[in-house]
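**Student:** After the structure tokens below, expect a handful of questions from me.
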């Protein structure tokens, strides 16, 4: 069993997302530690990128701020190595194929090998569809890094196929469109989860649009966990270097609601 799958064995898993380097990497480290202290089961770390196509305006803004502050992929790897001195929960990178290829001059292996050496357990690549995952899957397998699969409301005829080959956990996209806070999620997620569970034992978590403790509790009652990003980034946008304290309190409210 992968380390990521083990994170779901304690019960419903809460997965917060944060963009590395917004407003700086020291703040990111403090925020990660606060999230773990307050019950986060798995951390999703975004590597800043100039064209984050899956992201709404809130996380796009975080990418702009991080890049303007001089954050690089190498600096993010160094940050992960430092966090691994005391953080034991699984951590995954969320990034884009361009970042992977540009890191090691067109070779995905250089990036994925460094992930394994730094202590990254999985890789989320929203711009790589199931049909193109073979460019990454064998290398991820070689270095014991789980390539996380996406299932969206439009995946209907492909859900079983994607689920059967999934590793780590399955990221269920709650709604069409980009990331961002939503007042209501109307997708028939029960149906999607039933199809997944008919084809795999790999846990699944729901993301995109979740922001309140009530929404997180509802989504985790349907699935095996909840993923929240934009609502956390808003604290960084508002409070900057003082945000980790507020993020910690927010994460505690989410994890308590999910119990």
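Values in this text are rule-based calculations from the coordinates and carry no lab data. Source: prediction; values computed, not measured. Positions of Cβ are generated from backbone atoms using ideal geometry, with glycine treated the same way; all protein chains shown enter the neighbour counts.
**Student:** Take every Cα pair under 8 Å in the chain that's 6+ residues apart, average their separations, divide by the length, and report that relative contact order as a whole percent.
**Tutor:** Relative CO of the chain lands at 25 percent.
**Student:** Suppose the Debye formula is applied to equal point scatterers at every Cα of the chain; what is log10 I(q)/I(0) at q = 0.07 Å⁻¹?
**Tutor:** -0.20
**Student:** What is the distance in Å between the Cα centroid of segment 41-106 and that of segment 185-250?
**Tutor:** Their Cα centres are 19 Å away from one another.
**Student:** Please express the shape of segment 102-166 as an equivalent ellipsoid: the semi-axes are the square roots of 5 times the eigenvalues of the C-alpha gyration tensor, given largest first in whole angstrom.
**Tutor:** Equivalent-ellipsoid dimensions as semi-axes: 24, 12, 10 Å.
**Student:** Quick check on segment 56-202: what does the Kirkwood estimate of hydrodynamic radius come out to from the alpha carbon pairs, in Å?
**Tutor:** It is 16.8 Å.
**Student:** What is the percent of Cα-Cα separations in segment 1-44 that go past 14 Å?
**Tutor:** So the portion of pairs separated by more than 14 Å is 52 percent.
**Student:** In what order do 34, 137 fall by count of nearby beta-carbon atoms within 10 Å, going from fewest to most? Walk me through the numbers before you get to the answer.
**Tutor:** Numbers: 34 21, 137 17.
Arranged by neighbour count, lowest to highest, 34, 137 become 137, 34.
**Student:** By count of other Cβ within 10 Å, fewest leading, how are 221, 155, 107 ordered?
**Tutor:** Arranged by neighbour count, lowest to highest, 221, 155, 107 become 221, 107, 155.
**Student:** Can I ask one more? Over segment 18-113, what is the relative contact order in percent, taking alpha-carbon pairs closer than 8 angstrom and at least six residues apart?
**Tutor:** Normalised by residue count, the contact order of segment 18-113 is 35 percent.
**Student:** Ranking 258, 161, 219 by Cβ neighbours within 10 Å, fewest first, what do you get?
**Tutor:** 161, 258, 219
**Student:** For segment 38-100, what is the convex hull volume of the alpha-carbon atoms per residue, in Å³?
**Tutor:** Details: hull volume 6.9 nm³, N = 63.
That works out to 110 Å³ per residue.
**Student:** Which whole-number percentage describes the relative contact order of segment 61-150, with Cα contacts under 8 Å and a sequence gap of 6 or more?
**Tutor:** Relative contact order comes out at 28 percent.
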